[in-house]
Amino acid sequence: MSTTEPDALLGPADIRELAAALGVRPTKQRGQNFVIDANTVRRIVRTAEVRPDDVVVEVGPGLGSLTLALLEAADRVVAVEIDDVLAGALPATVAARLPERADRFSLVHSDAMLVTELPGPAPTALVANLPYNVAVPVLLTMLERFPSIERTLVMVQAEVADRLAARPGNKVYGVPSVKAAWYAHVKRAGSIGRTVFWPAPNVDSGLVSLVRRTEPVRTTASRTEVFAVVDAAFAQRRKTLRAALAGWAGSAAAAETALVAAGVSPQARGESLTVEEFAAVAEHKPVDQTSGSNA
């Protein structure tokens, strides 16, 4: 642990001063809400269980509130920022406030959805205040592309946090819940009030913890094949799986055959199935339809 002066972290006045100097106004288009409370970022780092040997990737660092707290705790931090002005300013903020850790920081100026490799050692953790409008696709993309990420803690809209952590049978259980469960053990890890952000959002935020599965889901089906079943099942979530999977299987009768073979009731609905059950259904896709499988 670095014996950093407590004032290395950014407070509300620092954030506003920095934003004014850069001419930055948080945009709704990019879902930007900057954390202005140092205690909140410390809490996020603590909850993420960031270790001194961790290589942390952070998506959407903004002005650097969380970045600085992560740099104090981790071995290295790689931040991915799409915004030109913010990306340009962040290295200078790190150098000014944590000069002794500046060589442990890397910036990737890009859209996180387009990043396929990161500089330096493979990341072991993902910790981020994700922009509300792209939180789920960014999270799932990072987990897919960087299998070395063992632990993830993301701050997202409370409703999205509930969805990601939902279990089968819960009314908000859906595509994000199943796809996140493919990669990790997921749980809610706390709530964050609106007042720690600038501008204050009109929704509450939640923390979600994802610990990567040590053993992947046991299946002969590929991730793409399993996700195709998940997408089909929830595209018409009120329908029974026999009906909802008719397009995927080629017909309702073929869907029923696949479901029965997988040990799943054709009358069940997608919201009652575990990721393992979706994988079992994917394994039994009618063979004559494989050419038409959609990712």
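The values are calculated or read from the model by the stated rules, or taken from the named source; none is laboratory data. Worth saying up front: this structure is predicted, and the values here are computed from it rather than measured. Here the Cβ is made from the backbone with ideal geometry for all residues, glycine too, and neighbour counts use every protein chain on show. Ligands, DNA and RNA are excluded from the accessible area calculation, which covers all protein heavy atoms including side chains. Shrake-Rupley method; radii C 1.70, N 1.55, O 1.52, S 1.80 Å.
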Count - residues of the range 116-155 that are touching a Phe, Trp or Tyr at 6+ places or on another chain (Cβ under 8 Å), part of a loop (DSSP other than H, G, I, E, B) and among the acidic types (Asp, Glu):
0
Report, ordered by the first and then the second residue, all pairs with beta carbons closer than 7 Å, sequence separation of six or more or different chains, a first member in the range 82-110 that is within 22 Å of Val134 (Cα to Cα), and a second member that is crowded, with 19+ Cβ neighbours inside 10 Å and of a type in the set (S, T, N, Q).
Leu90/Thr67
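Any residue at all in the range 192-201 that is outside any loop (DSSP other than H, G, I, E, B) and under 18 Å from the mean Cα position of the chain (by Cα)?
Scanning the range 192-201, I find at least one residue that is outside any loop (DSSP other than H, G, I, E, B) and under 18 Å from the mean Cα position of the chain (by Cα), so the answer is yes.
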The lone condition Leu140 fails out of (1) open to solvent by 30 Å² or more (accessible area, probe 1.4 Å); (2) over 23 Å from Arg51 (Cβ atoms) is (1)
Would you mind finding the one in Val264, Val281 that is β-branched (Val, Ile, Thr), touching a helix residue (DSSP H, G or I) at 6+ places or on another chain (Cβ under 6 Å), modelled with pLDDT of 95 or more and assigned to a helix (DSSP H, G or I)?
Val281
Determine, yes or no, whether Glu100 is open to solvent by 60 Å² or more (accessible area, probe 1.4 Å), over 21 Å from Gly190 (Cα atoms) and assigned to a helix (DSSP H, G or I).
yes
Within the range 221-253, residues of a type in the set (Val, Ile, Thr) and in contact with a helix residue (DSSP H, G or I) (Cβ under 6 Å, 6 or more places away or on another chain) come out as Val226, Val229, Val230
